[in-house]
Every structure is written in structure tokens, then in C-alpha cells.
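J.: Sharing a structure below in C-alpha cells format, with a few things to ask.
Just so it is clear, none of the values below were taken in a lab; they were calculated from the coordinates. On a predicted model such as this, the values are computed, not experimentally measured, just so you know. Note: ideal-geometry Cβ built from the backbone for every residue, glycine included; neighbour counts use all protein chains shown.
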Amino acid sequence: MVYVVGLSTLYDAALLNGVVIALLTSGFTLTHTTSKFPNLGHTLNLGVGMLTAFLFSQNTGLPVFTSMPIVILITGAYSLTTYQIIFKRIEKPELAALAGSGLLYAGANLLTITIHYLRNKIDTTWWCGPPSINIEQLHFHYPRNTYLGITECTWINIIIITAAIVGFQLIKKQGIYTLFRAYSENHELLMIQGINTDKLVQASWFIAGCLGGLAGAMIPYFFKGYPGKYSQYFFTDVAASAAFAGMRSPKLGFLTGLIVGFLKIIIVTLNQATIGVWIGEYNAIFPVMVMVASFAVMSLRRDQST
């Protein structure tokens, strides 16, 4: 990932990164709540969403933000399909983790191959750098438009955060998330009450896919778009944010993801300016430190409770 210097630009990039991690973490914790295992292939939704938004805009000539509804539907359907075909049939959590890892690795490579193919088929100014089989050249970006003196990236960030605040309040009032938590704690009781628990799990995977796809569609507003590379790259940030949130609440996961993603860009960029650009190669250290600290705190609490 390439970072930029300049206060307004820096905050714009940091906020976008925070929103992306927040969306991914919220979906990650949601499926963990209902399925009782972490979907290690979750961030592949990001790559699918990124590629879908790119293709939609290139083929229709419409602005990228108009692709958001179709991106949400496609990545939601993709996530639900992976659950129905793969994860629903697996009973052991360790096998589900293995399947998720395999899906992420295979899917990320397939996305990279697809981008290489598209570079030879689609002629657009959105491509970064000359055509090459080098993976570092297989990326794109969106035009940086401004509306009312505010960048399109900032508008998208504001809309997503506002929608998240309203959405979580609505979910709280309707008691929707209570059903997901109840399924995690005692799904047999819900079945006795006549609630279709299978539909409940399917809904969680569909929603997680929608959030992940939306996150992917947003990235090239500021950063270079690597559908395959970023699918793997962002998993550490998401896992760290989810661990910090206790792997429980999507609302808390959104908040921690927003904070972790924002601070990561700020800290790394400031260190690049003071220590040297080379420090950017170690940008993954921050989320790893957050993850380790979170697990340490959880372990300490568990020991104290016993």
C-alpha cells in the first residue's frame, strides 16, 4: 500500500482505511457469532467487490458510487454461496478454518489472474503503470473527483459512517442482532420457538458479504486497487480489530476497525516522515501488536474468572 503525506490528504486516506477495516470487521464478527468459527476467507469478499465495481463502471461508463448496489448484491450472493457449498457442510471448526484459508489463497490468485487478463482487454486511464506480468503492476485506481469542494472519497466515508450509525441504532431497536446472539448461545431454543435458524445463518453470511464487497469497492478511491493482493493483505487488520472487539459484537467490531484502520495509516505515515520511507514495509506490525495485546487481555480475564 502506498501512503501519502499532507494533513488533509493523510486524514482522508486514514479515514477511508478505517471505514474499510470497520466494514470488514463487522461482517467477520457477525459470521463468527452465528457459525461459531472465524471465516478465514472473509476478506476475499473485498477483492470480489473491488473487481465488480471496476467492471461495472468500465462497462457502463457510470460513476463508481452507482455500482454500490450491484456490488452489495453480488458479494452478498458470493458469500452466501460459499457458505451453502463449503462451510455449511463442515462440522469441525479446524476444518472450516482450513477451508477458509484455502479459499482465500485460491481466490486471491484467481483475482490476480483475472486482473492480468483484463489489462489486455480493457483500455482505460484507470490502470496504474505500464502493462506487465509483474503483480506490482496489476492494479488500478478511480479518478479523484470533488463535489462542493470535498473529495468523493470523503463523501463516501461520511455516508458509510452515517449509515452505520443509523443502521446499528435500527438493529438495536428492532432486536435483530439479539436473534444472532441467541442462535450462538442456544439455537435449539430458537427452533422450538419456530424460528428458521438456517435462514438466520444464511442472512448473516449474506450481510457479511455485502459489507466486505462495499469495503472493496471503496479502496481505489484513494489507494491502488489490488483485488487479489488486498484480499490477503487486509486479513491481519480485520483479525486484529475483531480480536480487540472480543469477536462478539458487529457494532463494536465496526468501531474498533475504524480506530485500528485510521491509526495504522496515521502512525505509519508519520514514522515514514520522521524515520524513513522504509518503515512502510513493516506496516503490518501495528495490527499484529493490537491482536497480541487483545489475546493477552482475554487470556488474563479468563484466568481471573477461573
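J.: Taking the mean number of other Cβ atoms within 10 Å as a proxy for protection, how do you rank 48-59, 206-217, 150-161 from highest to lowest? Write down the numbers at each step before the final one.
T.: Details: 48-59: 22.6, 206-217: 28.7, 150-161: 17.7.
Highest mean packing first, the order is 206-217, 48-59, 150-161.
J.: Moving to a separate point now. In a shell of Cβ-Cβ distance under 12 Å around Thr146, excluding Thr146 itself, what net charge do Lys and Arg (+1) and Asp and Glu (-1) give? Let's see the in-between values first.
T.: Details: positive: Arg144; negative: Asp12, Glu152.
That sum, taken over residues with Cβ under 12 Å, equals -1.
J.: Arrange Leu16, Leu170 by Cβ neighbour counts within 10 Å, fewest through most, would you? Don't skip to the answer; put the middle values down first.
T.: Working: Leu16 25, Leu170 10.
Fewest-to-most Cβ neighbours within 10 Å comes out as Leu170, Leu16.
J.: Taking 7 Å along the Cα-to-C-beta vector as the label spot, tell me the Ile70-Ala163 distance in nanometres, rounded to one decimal.
T.: 1.6 nm
J.: Additional query: With respect to the cross-link table entries Lys199/Lys229; Lys88/Lys251; Lys36/Lys199, which display a Cα-Cα separation exceeding 22 Å? Mind showing how you got there, number by number?
T.: Working: Lys199/Lys229 32 Å; Lys88/Lys251 25 Å; Lys36/Lys199 16 Å.
Listed pairs above 22 Å: Lys199/Lys229; Lys88/Lys251.
J.: Take peptides 76-88, 109-121 and line them up by average Cβ neighbours within 10 Å, highest first, as a rough protection proxy. Write out the running numbers ahead of the final one.
T.: Working: 76-88: 18.6, 109-121: 15.6.
Ranked by mean Cβ neighbours within 10 Å, highest first: 76-88, 109-121.
J.: Also, I was wondering about something else. Express in whole angstrom the spacing between the alpha-carbon centres of region 211-232 and region 31-100.
T.: So the separation of the two Cα centres works out to 12 Å.
J.: From the alpha carbon gyration tensor of region 1-154, can you work out the equivalent ellipsoid semi-axes (sqrt of 5 times each eigenvalue) and give them in Å, largest to smallest?
T.: Values: eigenvalues 177, 79, 47 Å².
Semi-axis lengths for region 1-154 are 30, 20, 15 Å.
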